[in-house]
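So the structure is just underneath, and the comments pick up after that.
The values are calculated or read from the model by the stated rules, or taken from the named source; none is laboratory data. Keep in mind that what you see is a predicted model, and the values were worked out from it rather than measured. All Cβ positions, glycine included, derive from the backbone under ideal geometry; neighbour counts span all protein chains shown. We work out accessible area using only protein heavy atoms, side chains counted, and drop any ligands, DNA or RNA first. Shrake-Rupley method; radii C 1.70, N 1.55, O 1.52, S 1.80 Å.
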Amino acid sequence: MSASVLSVTRTLGSVSGLLQVASVLGLVLLLLKAAQLYLHRQWLLRAVQEFPSPPSHWLFGHMHEVQKGQELQELQKRAEKYPCASPRWLWGSRVSLIVYDPDYMKVILGRSDPKSDSSYRFMAPWIGYGLLLLNGQTWFQHRRMLTPAFHYDILKPYVGLMADSVQVMLGKWEELLSQNSSLEIFGHISLMTLDTLMKCAFSYQGNQQADRYSQSYLQAIRDLNNLVLSRIRNIFYQKDIIYRLTPEGRWNHRACQLAHQHTGDRVIKLRKARLQEEGNLEKVRSKRHLDFLDILLFAQMENGSSFSDKDLRAEVDTFMFEGHDTTASGISWILYALATHPEHQQKCRQEIQSLLGDGASITWGHLDQMPYTTMCIKEALRLYPPVPGVGRELSKPITFPDGRSLPKGFLVLLSFYALHHNPKVWPNPEVFDPTRFATDSSRHSHAFLPFSGGSRNCIGKQFAMNEMKVAVALTLLRFELAPDPFRVPVPTPKIVLMSKNGIHLHLRKLPNPCGTKDEPQ
């Protein structure tokens, strides 16, 4: 009996000893981690000591700027108070330098620093590693491969397809006028830009604007816009294994699946099947122009070892998102800006009416013959840049024109919104003034960056500008636009510039509108 008790006592003592050792080890590891975080924070503080910023909490940083929904207003205050750039802390050991000066922009965009993996990697489950997320030599190879898809000879015939999609949308608006006192336009415009993209870049036959699958895809994109930004700003969501277990993580997974069903099943598989039916690749190549998806599929067929199914899917997912969502944001905010400035709206309408005549179809040749409308589009893009900002991680130290510097590994956020609202760059920045973009005006080469700049500028910027011109021209020919005073849009920076409460406009159908004769049936 005593031997048994002694055995139990020894076992308990052994377990107790192991627990004590484990506790000590755990405490040591915790202290080491705390020391590591402390030293890292000291390194960050030294790195930004030359850049003043608003007061921040030692743990929560400047999170109050984000959480109270005043992020864009706070960015404007920074641009007014702190020259060129200022650091923003998200939490104790996470900081980025917000840049809103054209000279700083020029230096950074002239380098080849990679996208910040700490933020952009959260988009990878959604769009994969395509042009937006790739870096280095692989990015350069993909960019060079895809550039021919945006040659002006390829873009010319797209104008007619764009016009068809816009007219379908305007026809829907006409039907809805009697049902609503005002119309939320962003959802309709998103469907239209998706329809345009599917027809132009993916040669899709059909009407996306009447397709319920397109509605579910767009909802998934809206969800992912919110979820990605939420994850970036939540310290507890940084680790993948933890995030997957959360309700938001599961929601993110479902939204990614919906997006992938659209691009994989309804775009890639369909086109591969058609190419197989058409047979000889050289015959296919010679009988018609190659669109965006053609180029990707031929690249894979000819050199599949270096361009996998995963690469193909990533480029399609990336362009499917960027090609419709940013353009939808741009067009929506342009129409809102014109609605709130009727005198400029009317000048654009007169210019378009004199150019297109009574119901004439819009063509490639017309796009460069609407200077005032183009000025208004650019001014709206200044006030409401579709992509509010992009991030970079410095691959080597950098010194700015004023002598201040940052070390390798530091994160910088290029805020195009703050740049475009910087009073030192644009006098009276909140005033809508299209003459800023008159042909005889002068400005810094990096003062206006709605499509970013440098070698990583938007590959589809000409496509987007063309679509914006077509949409604005045809809309103004059919409707007079006015804002809804009871639902003023509240801009909010997601991956693209959204409105918290939608963009609502009053539409009045114009008598005998131009441009309706050729409306598709």
Practice item. Run Leu227 past the list (1) within 21 Å of the chain's Cα centre (by Cα); (2) modelled with pLDDT of 95 or more; (3) surrounded by fewer than 17 Cβ atoms within 10 Å (Cβ to Cβ); (4) not basic (Lys, Arg) and report the number of the one that doesn't hold. Key: (3)
Review point. What tally of residues in region 399-438 results from selecting those that are assigned to a loop (DSSP other than H, G, I, E, B), small (Gly, Ala, Ser) and closer than 22 Å to Ile334 by Cβ?
Key: 1
Exercise for review: Identify all residues within region 330-366 that are more than 30 Å from the chain's Cα centre (by Cα) and part of a helix (DSSP H, G or I); write none if there are none.
Suggested key: Glu343, Gln346, Lys347, Gln350, Glu351, Gln353, Ser354, Leu355, Leu356
**Study point:** Cross-chain or 6+ apart pairs with Cβ under 7 Å, region 187-199 first and acidic (Asp, Glu), then open to solvent by less than 10 Å² (accessible area, probe 1.4 Å) and assigned to a helix (DSSP H, G or I)
**Key:** Asp195/Ser165; Asp195/Gln208
Practice item. Just one of (1) assigned to a helix (DSSP H, G or I); (2) touching a Pro at 6+ places or on another chain (Cβ under 6 Å) trips up Ala447, so point out which. Key: (1)
Check your understanding: How do the pairs read when you match residues in region 38-61 that are within 16 Å of Phe410 (Cα to Cα) with residues anywhere that are loosely packed, with under 14 Cβ neighbours inside 10 Å and not acidic (Asp, Glu), using Cβ under 7 Å and keeping only pairs 6 or more apart or on different chains?
Key -> Ala47/Pro407
Point to revise | Selection status of Gln257, under 21 Å from the mean Cα position of the chain (by Cα), closer than 28 Å to Gly389 by Cα, open to solvent by 30 Å² or more (accessible area, probe 1.4 Å) and modelled with pLDDT of 90 or more | key: yes
Review point. Can you pull out the residues in region 202-224 that are open to solvent by less than 40 Å² (accessible area, probe 1.4 Å) and modelled with pLDDT of 90 or more?
Key: Tyr217, Leu218, Ala220, Ile221, Asp223, Leu224
Point to revise | Qualifying position, being of a type in the set (S, T, N, Q), touching a residue at least 24 places away in the same chain (Cβ under 8 Å) and either in contact with a helix residue (DSSP H, G or I) (Cβ under 7 Å, 6 or more places away or on another chain) or in a loop (DSSP other than H, G, I, E, B) (or both), among Ser441, Ser395, Ser455 | key: Ser395
Exercise for review: For Leu146, state whether it is at pLDDT below 95, touching an Asp or Glu at 6+ places or on another chain (Cβ under 9 Å), open to solvent by less than 10 Å² (accessible area, probe 1.4 Å) and not small (Gly, Ala, Ser).
Suggested key: yes
Exercise for review: Sort out which residues of region 60-97 are among the basic types (Lys, Arg) and touching a Gly at 6+ places or on another chain (Cβ under 8 Å), and write them in order of number.
Suggested key: Arg88, Arg94
**Study point:** Asp195 being of a type in the set (D, E, K, R) and buried (at least 21 other Cβ atoms within 10 Å of the Cβ)
**Key:** yes
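For every residue, the table says whether it meets (1) among the acidic types (Asp, Glu); (2) in contact with a Gly (Cβ under 8 Å, 6 or more places away or on another chain); (3) modelled with pLDDT of 85 or more.
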{"site": "Asn280", "(1), (2), (3)": "no, no, no"}
{"site": "Ile295", "(1), (2), (3)": "no, no, yes"}
{"site": "Asn303", "(1), (2), (3)": "no, no, no"}
{"site": "Lys310", "(1), (2), (3)": "no, yes, yes"}
Check your understanding: Of all residues in region 44-72, which are surrounded by 13 or more Cβ atoms within 10 Å (Cβ to Cβ) and part of a helix (DSSP H, G or I)?
Key -> Leu44, Ala47, Met63, His64, Glu65, Val66, Glu71, Leu72
Point to revise | Residue selected from region 479-521 under the condition farther than 21 Å from Ser182 by Cβ and open to solvent by 40 Å² or more (accessible area, probe 1.4 Å), by the criterion modelled with the highest pLDDT | key: Lys494
Exercise for review: Name, by its number, the condition in (1) β-branched (Val, Ile, Thr); (2) over 19 Å from Pro489 (Cβ atoms); (3) buried (at least 22 other Cβ atoms within 10 Å of the Cβ); (4) out of contact with any Asp or Glu (no Cβ under 6 Å at 6 or more places or on another chain) that does not hold for Thr373.
Suggested key: (4)
Practice item. Note down all Cβ pairs under 7 Å where the first residue falls in region 344-370 and is over 15 Å from Phe479 (Cβ atoms) and open to solvent by less than 40 Å² (accessible area, probe 1.4 Å), the second is charged (D, E, K, R) and modelled with pLDDT under 95, and they're at least six residues apart or on different chains. Key: Gly359/Lys517; Gly359/Asp518
